[in-house]
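Engineer: Take this structure first; my questions come after.
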Amino acid sequence: MALMTGEEYVESIRKLNLNVYMFGKKIACPADHPILRPSLNSVKATYDLAQDPQYEDLMTATSSLTGKKINRFLHIHQSTKDLMDKVKMQRLLGQQTGACFQRCVGMDAFNAVFSTTFETDQKYGSSYHKNFIEYAKYCQENDLTVDGAMTDPKGDRGLAPHAQEDPDLYLRVVERREDGIVVRGAKAHQTGAINSQEMIVMPTVSMKPEDKDYAVAFAVPTDAEGILMIIGRQSCDTRKMEGSELDVGNSEFGGVEALVVFNDVFVPNERIFLNGETEYAGVLVERFAGYHRQSYGGCKAGVGDVLIGAAAVAADCNGCAKASHIKDKLIEMTHLNESLYCCGIACSAEGKPTEAGNYMIDLLLANVCKQNVTRFPYEISRLAEDIAGGIMVTAPSEADFRDPVTGPYVEKYLKGAKDVSVEDRIRILRLIENLCLGTAAVGYRTESLHGAGSPQAQRIMISRQGDLPKKKEMAKKIAKIKD
Ligand code: SF4
Ligand code: FE
């Protein structure tokens, strides 16, 4: 099968028998639900852009497994150029959607599982790498969207998986059969799970031998028996039910997360990528997290571009674009945003091949990238809100704007610069509100903090990778200190 069109993708999601709940009700067709549809549109953009000749180089790649043309989101990176193109593609999609387009988690899982299964097989003589290659080919051939599921609920953070009062707080194997395993547990904050046909599940922490049943990685279809998804609420989500495009800010695109519950889900042997080899749980976590920390140097910079643009348009609407402090704030936002991108590109340029042959980013630089992402989007948002003015959170609704009694007052008193319509002024303010405080803020702000690991997770990696002894040696040599 060739690359899917955006429409074919939407149809393929419609055909799934997903078990999705929101507001206490089962959602018959998530693809058609007004709150959920914008998130599907964001993933659809990864298909639409791959069909566009001007983005072909960035959006597609030649499969290292089949030699065929595939969507880059399903690619096993073959060079540092592939790693950089990945970040550029993510920036492009952030610019086009102003939201989380969700498909990166599968790409990051693909590359982490590819190298980890190779090394596990080398040590144990298992056949996980072969399993994964067959699975990857299947996903590439069918141009699927794959969710990458890592984060367990984790219960008491002071206790290891096996020591939890409720043993299901980390996903685990509850039964081993001749033909496969049965798993139980949950994965939290699952970006794009409802918009994926497939899901790769991985462990969430490094593990000791006592956690054997928890050191498990595998793939399942998202509509496998026993899977249930509960949609996470987003700020202002029900505005999408009101029928006002204006009030939503970004009516076409969005992101979505879900709590995915695995109620004794069967996984056949050929879809298992790790099963009890505890020392490789940590390797898989570190690699997936590393790739996803690289990813943020692309997607957040792309969404940042939209927010910087929106702040500049708001300044035009307010009639203050020429003020020197506004210009300086836009420069500062740009400086911060490009710093994120620099890190995404740098950790890619410094990538190296793994034993399995695919390319891995530089872990230290990827963690520095994500650590900056935990900070800079907050400052960029603060500056955008500063430029927008308080009206971005106090502007009346579209209904009031259109009402014959209140409308003329909104029109009169919300007037800004002479040549800008009040409607356009409200439009751009609502977009800023959406990015900083509304549904997209999940992906741009709080996800910048906690997605791909909370700040402390990067600091641990930075301390491990920073090689302080080597730096001390450098200093001692120059200071002529002899041991
Ligand atoms: Fe992709 Fe960014 Fe969303 Fe992660 S947060 S899935 S990298 S768009
Ligand atoms: Fe994320």
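Engineer: Only one residue in Ile387, Ile345, Ile361, Ile380 is within 26 Å of Thr117 (Cβ to Cβ) and crowded, with 20+ Cβ neighbours inside 10 Å. Which one?
Structural biologist: Residue meeting the stated conditions: Ile361.
Engineer: Pairs only if they're at least six apart or on different chains, beta carbon under 8 angstrom, first in segment 95-123 and in contact (Cβ under 8 Å) with a residue 60 or more places away in the chain, second within 8 Å of ligand 1 (Cβ to nearest atom) and charged (D, E, K, R); list them, first residue then second.
Structural biologist: Cys100/Glu447
Engineer: What are the residues in segment 152-185 that are surrounded by 21 or more Cβ atoms within 10 Å (Cβ to Cβ) and assigned to a loop (DSSP other than H, G, I, E, B), if any?
Structural biologist: Asp152, Tyr170, Leu171, listed by residue number.
Engineer: OK, next. I'd like to verify a number: residues in segment 329-342 that are buried (at least 20 other Cβ atoms within 10 Å of the Cβ) and out of contact with any Leu (no Cβ under 7 Å at 6 or more places or on another chain), how many?
Structural biologist: Going through segment 329-342 one residue at a time, the tally reaches 4.
Engineer: Follow-up question, since we're still on this one. Would you mind stating whether Tyr378 is away from ligand 1 (no atom under 16 Å from the Cβ), more than 24 Å from Leu36 (Cβ to Cβ) and aromatic (Phe, Trp, Tyr)?
Structural biologist: no
Engineer: Can you spot a residue in segment 131-140 that is part of a helix (DSSP H, G or I) and among the hydroxyl-bearing types (Ser, Thr, Tyr)?
Structural biologist: yes
Engineer: Just to verify a result, which residue in segment 272-285, among those that are part of a helix (DSSP H, G or I) and within 26 Å of Lys86 (Cα to Cα), is nearest to the chain's Cα centre (by Cα)? Outline the logic, then answer.
Structural biologist: Applying the first criterion (part of a helix (DSSP H, G or I)) to segment 272-285 yields 279-285.
Still in the list and also within 26 Å of Lys86 (Cα to Cα): 280-285.
Details: Tyr280: 23, Ala281: 21, Gly282: 20, Val283: 20, Leu284: 17, Val285: 15 Å.
The qualifying residue nearest to the chain's Cα centre (by Cα) is Val285.
Engineer: When you scan segment 249-260, do you find a residue that is more than 16 Å from ligand 1 (Cβ to nearest atom), more than 30 Å from Gly158 (Cβ to Cβ), crowded, with 24+ Cβ neighbours inside 10 Å and in contact (Cβ under 8 Å) with a residue 12 or more places away in the chain, even just one? Lay out the reasoning, then the answer.
Structural biologist: Of the residues in segment 249-260, the ones more than 16 Å from ligand 1 (Cβ to nearest atom) are 249, 251, 259.
Adding the requirement that they be more than 30 Å from Gly158 (Cβ to Cβ) leaves 249, 251.
Adding the requirement that they be crowded, with 24+ Cβ neighbours inside 10 Å leaves 249.
Next, from what is left, pick out any that are in contact (Cβ under 8 Å) with a residue 12 or more places away in the chain: 249.
Yes, segment 249-260 contains at least one residue that is more than 16 Å from ligand 1 (Cβ to nearest atom), more than 30 Å from Gly158 (Cβ to Cβ), crowded, with 24+ Cβ neighbours inside 10 Å and in contact (Cβ under 8 Å) with a residue 12 or more places away in the chain.
Each row is one residue, and each column tells you yes or no for (1) touching a residue at least 12 places away in the same chain (Cβ under 8 Å); (2) part of a helix (DSSP H, G or I); (3) buried (at least 18 other Cβ atoms within 10 Å of the Cβ).
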position	(1), (2), (3)
Pro408	no, yes, no
Gly416	yes, no, yes
Asp419	no, no, no
Glu447	yes, yes, yes
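Engineer: Yes or no: segment 342-352 includes at least one residue that is more than 16 Å from ligand 1 (Cβ to nearest atom), farther than 28 Å from Gly416 by Cβ, in contact (Cβ under 8 Å) with a residue 60 or more places away in the chain and touching a His at 6+ places or on another chain (Cβ under 8 Å).
Structural biologist: Yes; the residues of segment 342-352 include at least one that is more than 16 Å from ligand 1 (Cβ to nearest atom), farther than 28 Å from Gly416 by Cβ, in contact (Cβ under 8 Å) with a residue 60 or more places away in the chain and touching a His at 6+ places or on another chain (Cβ under 8 Å).
Engineer: Moving on. Can you list residue pairs whose Cβ atoms sit under 8 Å apart, with the first residue in segment 285-298 being among the aliphatic types (A, V, I, L, M) and the second being near ligand 1 (Cβ under 9 Å from one of its atoms)? Count only pairs 6 or more apart in sequence or on different chains.
Structural biologist: Filtered contacts from segment 285-298: Ala289/Ala452.
Engineer: Can you name every residue in segment 187-217 that is closer than 20 Å to Asn17 by Cβ and either in contact with a Leu (Cβ under 8 Å, 6 or more places away or on another chain) or small (Gly, Ala, Ser) (or both)?
Structural biologist: Lys187, Gln190, Gly192, Ala193, Ile194, Asn195, Ser196, Gln197, Glu198, Val201
Residues are listed down the side, and each one gets a yes or a no for (1) among the β-branched types (Val, Ile, Thr); (2) at pLDDT 95 or above; (3) in contact with a Lys or Arg (Cβ under 6 Å, 6 or more places away or on another chain); (4) within 12 Å of ligand 1 (Cβ to nearest atom):
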{"site": "Gly282", "(1), (2), (3), (4)": "no, yes, no, no"}
{"site": "Glu286", "(1), (2), (3), (4)": "no, yes, no, no"}
{"site": "Arg293", "(1), (2), (3), (4)": "no, yes, yes, yes"}
{"site": "Gly297", "(1), (2), (3), (4)": "no, yes, no, yes"}
{"site": "Cys320", "(1), (2), (3), (4)": "no, yes, no, no"}
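Engineer: Here are the criteria: (1) touching a residue at least 24 places away in the same chain (Cβ under 8 Å); (2) not in a loop (DSSP other than H, G, I, E, B). Tell me which single one Leu144 does not satisfy.
Structural biologist: Here Leu144 clears every test but (2).
Engineer: Next question, about the same structure. Got a sec? Which helices (runs of 4 or more DSSP H) wholly within segment 11-124 have at least 2 residues that are buried (at least 19 other Cβ atoms within 10 Å of the Cβ), more than 21 Å from the chain's Cα centre (by Cα) and more than 16 Å from ligand 2 (Cβ to nearest atom)? Give the derivation first.
Structural biologist: On the way: elements: 37-48, 56-59, 80-97, 104-124.
Of the helices (runs of 4 or more DSSP H) lying wholly inside segment 11-124, those with at least 2 residues that are buried (at least 19 other Cβ atoms within 10 Å of the Cβ), more than 21 Å from the chain's Cα centre (by Cα) and more than 16 Å from ligand 2 (Cβ to nearest atom) span 104-124.
Engineer: Can you run down the residue pairs with Cβ atoms below 9 Å, 6 or more apart or on separate chains, where the first is in segment 189-205 and closer than 23 Å to Arg157 by Cβ and the partner is polar (S, T, N, Q) and surrounded by fewer than 24 Cβ atoms within 10 Å (Cβ to Cβ)?
Structural biologist: Close Cβ pairs (under 9 Å, with a partner that is polar (S, T, N, Q) and surrounded by fewer than 24 Cβ atoms within 10 Å (Cβ to Cβ)) amount to His189/Thr151; Gln190/Thr151; Pro203/Thr278; Thr204/Thr151.
Engineer: Within segment 18-51, can you find the residues that are within 20 Å of Cys299 (Cα to Cα) and β-branched (Val, Ile, Thr)?
Structural biologist: Val43, Thr46 - these are the residues of segment 18-51 that are within 20 Å of Cys299 (Cα to Cα) and β-branched (Val, Ile, Thr).
Engineer: I've got another one for you. Identify the residue in segment 387-407 that is of a type in the set (Val, Ile, Thr) and out of contact with any helix residue (DSSP H, G or I) (no Cβ under 8 Å at 6 or more places or on another chain) and, among all such residues, is nearest to Asp424 (Cα to Cα).
Structural biologist: Selected residue: Thr394.
Engineer: Test Met474 against the stated conditions and say whether it is in contact (Cβ under 8 Å) with a residue 60 or more places away in the chain and not acidic (Asp, Glu).
Structural biologist: Taking the combined requirement at face value, the residue does not satisfy it.
The values are calculated or read from the model by the stated rules, or taken from the named source; none is laboratory data. Note that the structure is predicted; figures quoted are calculated from it, not measured. When we count neighbours, we look across all protein chains shown, and the Cβ atoms used for this are built from the backbone with ideal geometry, even at glycine.
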